[in-house]
1. When you look at residue B:70, is it surrounded by 18 or more Cβ atoms within 10 Å (Cβ to Cβ) and under 27 Å from residue B:112 (Cα atoms), yes or no?
2. Could you grab me the full set of residues in region A:116-128 that are away from chain B (no Cβ under 11 Å) and open to solvent by 20 Å² or more (accessible area, probe 1.4 Å)?
3. Would you pick out the residues in region D:215-253 that are of a type in the set (Ser, Thr, Tyr) and without any contact (Cβ under 8 Å) to a residue 40 or more places away in the chain?
4. What is the residue count in region A:67-105 for residues that are away from chain B (no Cβ under 14 Å) and assigned to a helix (DSSP H, G or I)?
5. Residue by residue through region C:28-59, note down the ones that are more than 30 Å from residue C:220 (Cβ to Cβ) and either open to solvent by 30 Å² or more (accessible area, probe 1.4 Å) or out of contact with any Phe, Trp or Tyr (no Cβ under 6 Å at 6 or more places or on another chain) (or both).
6. For region A:106-115, give me each residue that is within 7 Å of chain B (Cβ to nearest Cβ) and either open to solvent by 10 Å² or more (accessible area, probe 1.4 Å) or modelled with pLDDT under 95 (or both).
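The values are calculated or read from the model by the stated rules, or taken from the named source; none is laboratory data. Just so you know, these numbers come straight off a predicted model, no measurement behind them. Cβ coordinates were reconstructed from backbone atoms using ideal geometry, including for glycine residues, and neighbour counts include every protein chain displayed. Side chains included, ligands, DNA and RNA excluded: accessible areas come from the protein's heavy atoms. Shrake-Rupley method; radii C 1.70, N 1.55, O 1.52, S 1.80 Å.
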Number of protein chains: 4
Amino acid sequence: MTTAFKGIIAYPVTPFTQDDRVDLPTLTRLIDDLVGQGVHGIAPLGSTGESAYLDDKEWDAVAHASLQAVNRRLPTVVGISDLTTRGAVRRARYARQAGADALMVLPVSYWKLTPDEIVRHYATIGDAVDIPIMLYNNPATSGIDLAPELIARICREVPAVTMVKESTGDIQRMHRLVQLTEGRVPFFNGSNPLALAALAAGASGWCTAAPNLQAQLPLALYEAVAAGDLATARALFYRQLPLLQFIVKGGLPTTIKAGLRLRGFDAGVPRAPLQPLTAADTDVLAGILAKLDAGMR
Amino acid sequence: MTTAFKGIIAYPVTPFTQDDRVDLPTLTRLIDDLVGQGVHGIAPLGSTGESAYLDDKEWDAVAHASLQAVNRRLPTVVGISDLTTRGAVRRARYARQAGADALMVLPVSYWKLTPDEIVRHYATIGDAVDIPIMLYNNPATSGIDLAPELIARICREVPAVTMVKESTGDIQRMHRLVQLTEGRVPFFNGSNPLALAALAAGASGWCTAAPNLQAQLPLALYEAVAAGDLATARALFYRQLPLLQFIVKGGLPTTIKAGLRLRGFDAGVPRAPLQPLTAADTDVLAGILAKLDAGMR
Amino acid sequence: MTTAFKGIIAYPVTPFTQDDRVDLPTLTRLIDDLVGQGVHGIAPLGSTGESAYLDDKEWDAVAHASLQAVNRRLPTVVGISDLTTRGAVRRARYARQAGADALMVLPVSYWKLTPDEIVRHYATIGDAVDIPIMLYNNPATSGIDLAPELIARICREVPAVTMVKESTGDIQRMHRLVQLTEGRVPFFNGSNPLALAALAAGASGWCTAAPNLQAQLPLALYEAVAAGDLATARALFYRQLPLLQFIVKGGLPTTIKAGLRLRGFDAGVPRAPLQPLTAADTDVLAGILAKLDAGMR
Amino acid sequence: MTTAFKGIIAYPVTPFTQDDRVDLPTLTRLIDDLVGQGVHGIAPLGSTGESAYLDDKEWDAVAHASLQAVNRRLPTVVGISDLTTRGAVRRARYARQAGADALMVLPVSYWKLTPDEIVRHYATIGDAVDIPIMLYNNPATSGIDLAPELIARICREVPAVTMVKESTGDIQRMHRLVQLTEGRVPFFNGSNPLALAALAAGASGWCTAAPNLQAQLPLALYEAVAAGDLATARALFYRQLPLLQFIVKGGLPTTIKAGLRLRGFDAGVPRAPLQPLTAADTDVLAGILAKLDAGMR
């Protein structure tokens, strides 16, 4: 068992029952499927896992069940995003004692944070646990944008932060991060349609919810780039791109849960105010999946 | 006692003790001061009230104490913003039974919401209570931007929504709202530096945290516009504009709490990850307040 | 004859013949009409005048004919925007010798300009002529955005620059300009739908193409604000707002020329790549004008 | 002699004499150098060539001299950007008769253009000449942004448009273009720091001003990608990235002319309002070039 993260890190959704409670048995099955598909790591309670919509008790239950389900077969990185630092620390400590290998920390905000406030947020969490932190930048959901310069500063000042996940979808950010850290900080792609560019730019891996619906194409893309086979990588990328674009555009929990249902796997619907994918969009998704599946045969 | 909202609606901050608990006695004193200054309404648990950073138990305690402190001397509108619809409904019901005259509902998001999801969020809350709702648009903090067309649609489709608070700082939004609602939906300014333009455009009032530090100038500005005295209004506006710009730029809880301390009123500091105003910025604020006070004598 | 600019400064369009040549007799009639309507100043060769699409010879002819048509009955401010400084100087000198009272200088760019480059551009033009310059900021058309701080710096460093026209549509820009210049630099509104807010904020006037189609409402709005009658000003503003929004959204030369034709005045069509207003949009404009005219009776 | 464009298409700057006239002998030497370095095509009068700042007579002289200098040793694509369609047509015809193999057409604007206006602009130019057109999208300089959907429409509706150059720096635009055109329209990268991502995504080439200062690294990067050697491509890319970032950030004519002088080649300075690179920035550039040269030995 290693904590050296690389490759395809998969986000399970958080299944809900019909009466809007977390559905742990289904979560366990889903994670088992992901591990069985051959992904390289599991990231419970990420954006896709609707962690922002869970109360503390639910969150703890999902964290515990997820880590039990993985059962150290793969490295795990648990998502930590809470509006208060103390809430984030509490979740970080819980995940640590429940067996997480690493934490993926996304600062979220209501009021904008200064760089110093963001650094202190990371430092406080880093001081509270003894496992590595993957810094996570995703302004579209969190409302906070960490420029490459700030990310590099945090990597210098907070020893626990040893990895970065970049989800802005701007390849220039990754280039600048490589420059500012002299290539010494592993970075991961978090913007699905940027996968080819990010891996070409030297990303260590790709954190993605796509494997919930289709794991083989992301895995094959990663392997092709790792093997330096650009032509194959490019072909694999354009084949899966419609799926990647669709799940990002429609929101990951919404589209992944709709896709799982199309796959015959009932993980429920996202929590309100999120609503199930519309019938029209579900038809589009069905078409995308059918075309992908046909191409895999 | 009337619930006809107009004029200066003041946001109290939520005081914290040194060990980061909500400080209800201080909150009561603060609200008493605001009522005594002559403001026209009180809006507990708004953005300034750090409601996003309170857990449910704290939130309920602050709502209850605030409404007790006002004691029906003025109309009250309690801020409701929660990532889940069910959490928002719970808070709305609590505020209703605790005596709120109205609710100010801000949809917040992690994942982007579709227009239909936003409408349903408002409708669900509206169905759960029998008091009016002030729709609140503040994309800079909430991550969701309600265009005037969507606001007008919600006013049409959700009967409980009878007022609008616009905080984008774009006067064109207010003009379009007047046009789309044919002037029948009262709207309030929520962007402090837009106060003159908004009142000139016909806003019914101004929701603001400024009265925590200076109530007389906002009140005088409102009265001057109500009296149609534009020259006086303009002079009053430019006098207080440096304060308005400063508190917006530095974040309302951060700057207002620093200003209260300068005023000799200890409401504690904002909750982490927010940090106290820096010493340098506190000096700037002291200068602004000193100049304002000199001008008032 | 005074050069003290204030009030409604009207932009004539530049009429073209059917074979795409400048139509000076029609231009003369149009300017005569505008003067007759009672506007307070004339601004030939502004954005509305399609000056960007004229070659030097055409430009000189239009400048000369416009100033002849005004014949010193009103103050004139001639628009100067050219990609090269030497071209701008040439046009400035021509306008000066042809009798312009002032110049309205808009820096345009292909490559972005640094603040120093912008200052030098103004200084070079200011050194070349001995008439006042109105600095003009309109990033939507020019590709260069002059922040209030830069505008204030230019007003300090280039003595010829004595007035500002702000067309970003952001009222905060005007507030900051008042603060930075301590109210000593007269500023004009250049964003039609911002007219009420700008005049309320203390603008000296409003540079607008609307008088080509409707001069009385802009004039009445200006007079109401000057008289401090906010209620009348507000009512007048909302009455003309649909026209103001329409002409801005559709592009001023395109919509104004379509409107003139609806008024029975043939000023031709804009120069390609600009195309005439579509039939559908022309119908919308006809409806707006008909409603306005009905309200004036 | 072929017109099949691919690989590194180099933009020469337009040299000026000390008294601000175009310097054709120096231009001829510069183009000769570029051809000698082994680039795959020459693009006179692009953005880097300051074509926007030349009058018609100068433009014609530069076009003629450039094509003479290339003398059909390499494919040539001449930049056409003019505010009026008739001006663009005139330049297109001139370039055609002077021997250009293709035209690179950038719609520029003062007033925003509708999609229909943009299509007609391309169609009119396409009808006027019988050589292929490379559609060029560069909103940062032109003020007009052509979405991938509009680009694909133009490729369908205007037969002369057979290639695309994308300069937004957004790799997603290229992915969408590949999808919308089903991979049938060759596209070129026009944003220097996007070179690796664009070539990985399948770009046919890279239009760049970098070869004025350093041709071997861009050529080597292109060859590495063409050979499918991603590891080498990545290493080559990061080595030249500081130069690519610097020349984009400081403006291409400004930085390239400063760099040429550092290389001992006097191409003069850019035309006002553009100013020469500051001394401090020139030192930075000298450092970047020295480091690159050391790495080449």
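1. Taking the combined requirement at face value, the residue does not satisfy it.
2. The answer is A:127, A:128.
3. D:232, D:238 - these are the residues of region D:215-253 that are of a type in the set (Ser, Thr, Tyr) and without any contact (Cβ under 8 Å) to a residue 40 or more places away in the chain.
4. 9
5. Listed by number, the residues that qualify are C:53, C:54, C:55, C:56, C:57, C:58, C:59.
6. Passing the criteria: A:110, A:111, A:112, A:113.
Okay, residues lined up against (1) open to solvent by less than 20 Å² (accessible area, probe 1.4 Å); (2) of a type in the set (Asp, Glu):
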{"position": "B:235", "(1), (2)": "no, no"}
{"position": "B:255", "(1), (2)": "yes, no"}
{"position": "B:260", "(1), (2)": "yes, no"}
{"position": "B:263", "(1), (2)": "no, no"}
{"position": "B:266", "(1), (2)": "no, yes"}
{"position": "B:273", "(1), (2)": "yes, no"}
{"position": "B:276", "(1), (2)": "no, no"}
{"position": "B:295", "(1), (2)": "no, no"}
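Each row is one residue, and each column tells you yes or no for (1) within 14 Å of chain B (Cβ to nearest Cβ); (2) basic (Lys, Arg); (3) open to solvent by 20 Å² or more (accessible area, probe 1.4 Å).
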site	(1), (2), (3)
C:151	no, no, no
C:163	no, no, no
C:167	yes, no, no
C:194	yes, no, no
C:197	yes, no, no
C:207	no, no, no
C:216	no, no, yes
C:221	yes, no, no
